[in-house]
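**Student:** Once you've had a glance at the structure underneath, I'll fire off some questions.
The values are calculated or read from the model by the stated rules, or taken from the named source; none is laboratory data. Fair warning: this is a prediction, and the values are worked out from it, not measured in the lab. All Cβ positions, even for glycine, are placed from backbone atoms using ideal geometry, and neighbour counts span all protein chains on display. These accessible areas exclude ligands, DNA and RNA; they are computed on the full protein's heavy atoms, side chains included. Shrake-Rupley method; radii C 1.70, N 1.55, O 1.52, S 1.80 Å.
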Amino acid sequence: MGEDTDATPTLNHRGFLPDHNYVTEADIISTVEFNHTGELLATGDKGGRVVIFQREPESKTEPFSQGEYNVYSTFQSHEPEFDYLKSLEIEEKINKIRWLPQQNAAHFLLSTNDKTIKLWKVSERDKRPEGYNLKDEEGRIKDLSTVTSLQVPVLMPMDLMVEVSPRRVFANAHTYHVNSISVNSDYQTYMSADDLRINLWHLDITDRSFNIVDIKPANMEDLTEVITAAEFHPHHCNLFVYSSSKGTLRLCDMREAALCDKHSKLFEEPEDPSARSFFSEIISSVSDVKFSHSGRYLLTRDYLTAKVWDLNMESKPLETYQVHDYLRSKLCSLYENDCIFDKFECAWNGSDSVIMTGAYNNFFRMFDRNTKRDVTLEASRESSKPRAVLKPRRVCAAGGKRRKDDISVDSLDFTKKILHTAWHPNENIIAIAATNNLYIFQDKLNSEMH
C-alpha cells in the first residue's frame, strides 16, 4: 500500500473463512472496526454477534514476522426483539461498533442494532481466589461448626479467561433506525444518529440523551432528505458532521446552540444539469463520511465516487475518485435489483495519504492521494493462501478493448460486495469484510522492514 499501490501491490493476507460454503444470513458481516491501537479488531454480523480478534505478539523464533490476528472473544451482543406498540420486529443485526480509548487493563466498545446501543467491557482473568473461610472449593457454604481457624484467601494462577460483560444499555431514544454511533474526543460523550435525528449521550447516563439535530418536518409528506451518517471531529469535541441522502455534508458546532439545526458549514457540489438523470439523486446519496486523522479533511462515499473535502472549502470537493465508473451504463439494472441502494463505507490510512473503499465482485479500491495512482484488488477464496501476494485486477467497460486477465463489466458478480472495510490506525494493515468472510491484508514491505 502506501507508495506501492499501483504497479506492484504487495499485500499479504490472512483470511478467516467459515468451514462451509453456504452463507446463512446471520453469518454476514455487517461492520468492522479496529481499536485505537490496532491490537484488537471487532466485527459484528447480522446474527447479533460480535467477534473480537487480537493481534498475536511477534514470534521470538521469527522476529521479522508480523503478529497475526486470531479470535480473542465471541459474544452475543443483541437478540431479536419485537416492538408491540408498533408491531415491528427489531433485527439483531449489528449496525456499528465503536471502541472507546483504553483507560485501564480492560477494553470497552459500543455496539448498536437498529434501536439499542450497548456498552461492553472486555477484560482478562488469569487468577482465581482460593482458600475462603466460609466456602468450600465448589463455592458451597461450609457448615460454620467445622470452621475452627481463619485463613487468608490467596490468588492462584489459572488458564486465561476473556470475560465480556454489558455495562450500559442505551435504549428507547430512536424512533427510526440507528445508522451511526461516534465517540467524542472528550471520551465522556458519544452520539447516535438515525434517519431524522442525532442524539448526544453521556457514557455514564442511560436514561436520557440530548437531541442535537432534528430534521423531521411537521408534515412527513414534506420530507426531502434523511441523515445517512454522522461523526465527531477527532480533536475538537464541539464539532461534528452529518451527511444526507441529497449528497450534502453539514458541519455543526455545539457551542453555537443546543439544537444544531442550523449548520456552521454546508459542503455541497453543484450538480451538472447536463448529467442529470432519473438516478442522479439516488447515486449522489452519501453512504459514509469519515474525518481524516488530522481533522482537516472529510472523506465521503456515494454510489460511484469517493470524495475528499477540505473543511476550509465548502463549494466543491478537493479530490474526486471514480470507484467504478463503468457501472454508469448499468444503473437501470442496478436499480431493478436494488444494488443501487447499497451503502459502501470508506477508510483513511494512518497518514491520510491513501483512501480505501469497496466495490462489487469482491473488489476493493485504493487511491493514493499524493501520486494519484489507484489499484483494484480482490478479496477471494482463490487468493486465500497465507502470504499470497495480491494481483491488481482491471474491469473492462462494455465495448472497450479487453486485455488479458481483464474482467468484463457484464461478468461482475453483484452479490459479492465489499461494503465494510477498516484500516489499522498506524500500520498498513487492512480488514475487508466479504459477505461472511473476513480478510486481513498487510503490506509485505512493511513487514520486511519491521
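**Student:** Just checking, which of Ser285, Ser353, Ser292 is touching a residue at least 40 places away in the same chain (Cβ under 8 Å), open to solvent by less than 20 Å² (accessible area, probe 1.4 Å) and within 26 Å of the chain's Cα centre (by Cα)?
**Tutor:** Details: Ser285 fails: open to solvent by less than 20 Å² (accessible area, probe 1.4 Å); Ser353 fails: open to solvent by less than 20 Å² (accessible area, probe 1.4 Å).
None of the others qualify; the one that does is Ser292.
**Student:** Please go through the range 260-278 and pick out each residue that is over 27 Å from the mean Cα position of the chain (by Cα), more than 20 Å from Asn312 (Cβ to Cβ) and in a loop (DSSP other than H, G, I, E, B).
**Tutor:** Glu271, Asp272, Arg276, Ser277, Phe278
**Student:** Could you give every pair whose Cβ atoms fall below 9 Å, whose first residue belongs to the range 82-108 and is without any contact (Cβ under 8 Å) to a residue 60 or more places away in the chain, and whose second residue is part of a strand (DSSP E or B) and among the aromatic types (Phe, Trp, Tyr), counting only separations of at least 6 or pairs across chains?
**Tutor:** Leu88/Phe82; Glu89/Phe82; Ile90/Phe82; Phe108/Trp99; Phe108/Trp120
**Student:** Now for a different question. Have a look at Gly2, Gly44, Gly15, Gly48 and point out the one that is over 14 Å from the mean Cα position of the chain (by Cα), open to solvent by less than 60 Å² (accessible area, probe 1.4 Å) and modelled with pLDDT of 60 or more.
**Tutor:** Testing whether each residue is over 14 Å from the mean Cα position of the chain (by Cα), open to solvent by less than 60 Å² (accessible area, probe 1.4 Å) and modelled with pLDDT of 60 or more leaves just Gly48.
**Student:** Tally time: how many residues in the range 424-439 are part of a strand (DSSP E or B) and open to solvent by 20 Å² or more (accessible area, probe 1.4 Å)?
**Tutor:** Start the filter on the range 424-439 by keeping residues that are part of a strand (DSSP E or B), which leaves 429-434, 437-439.
Subsequent filtering for residues that are open to solvent by 20 Å² or more (accessible area, probe 1.4 Å) retains none.
Adding up the residues that qualify gives 0.
**Student:** Please indicate, with yes or no, whether at least one residue in the range 216-234 is touching an Asp or Glu at 6+ places or on another chain (Cβ under 7 Å) and more than 18 Å from Asp302 (Cα to Cα). Let's see the steps before the verdict.
**Tutor:** Residues of the range 216-234 that are touching an Asp or Glu at 6+ places or on another chain (Cβ under 7 Å), as a first pass: 226-227, 229.
From what is left, the residues that are more than 18 Å from Asp302 (Cα to Cα) are none.
The answer is no; no qualifying residue exists.
**Student:** Out of the residues in the range 324-347 that are closer than 15 Å to Phe414 by Cα and not in a helix (DSSP H, G or I), which is most open to solvent (accessible area, probe 1.4 Å)?
**Tutor:** Filtering first and then ranking leaves Lys343.
**Student:** Only one of these conditions is not met by Arg402: (1) within 25 Å of the chain's Cα centre (by Cα); (2) open to solvent by 50 Å² or more (accessible area, probe 1.4 Å). Which number is it?
**Tutor:** (1)
**Student:** Picking from Ser59, Ser30, which residue would you name as being open to solvent by less than 50 Å² (accessible area, probe 1.4 Å), among the hydroxyl-bearing types (Ser, Thr, Tyr) and modelled with pLDDT under 90? If you could, list the steps in order and put the result at the bottom.
**Tutor:** Working: Ser30 fails: modelled with pLDDT under 90.
The match here is Ser59.
**Student:** Under the condition of being surrounded by fewer than 15 Cβ atoms within 10 Å (Cβ to Cβ) and touching a residue at least 24 places away in the same chain (Cβ under 8 Å), which residue from the range 182-207 is farthest from the chain's Cα centre (by Cα)?
**Tutor:** Only one residue tops the list, namely Asp204.
**Student:** Report, by residue number, each residue of the range 133-184 that is out of contact with any strand residue (DSSP E or B) (no Cβ under 7 Å at 6 or more places or on another chain) and of a type in the set (A, V, I, L, M, F, W, C).
**Tutor:** Residues satisfying the conditions are Leu144, Val147, Leu150, Val152, Ala171.
**Student:** Which one of these does Glu256 not meet: (1) in contact (Cβ under 8 Å) with a residue 60 or more places away in the chain; (2) within 20 Å of Ser185 (Cα to Cα); (3) not β-branched (Val, Ile, Thr)?
**Tutor:** (1)
**Student:** Spot the failing condition for Gly67; the list is (1) out of contact with any His (no Cβ under 6 Å at 6 or more places or on another chain); (2) in a strand (DSSP E or B); (3) modelled with pLDDT of 65 or more, and only one is missed.
**Tutor:** Of everything listed in (1) out of contact with any His (no Cβ under 6 Å at 6 or more places or on another chain); (2) in a strand (DSSP E or B); (3) modelled with pLDDT of 65 or more, Gly67 misses just condition (2).
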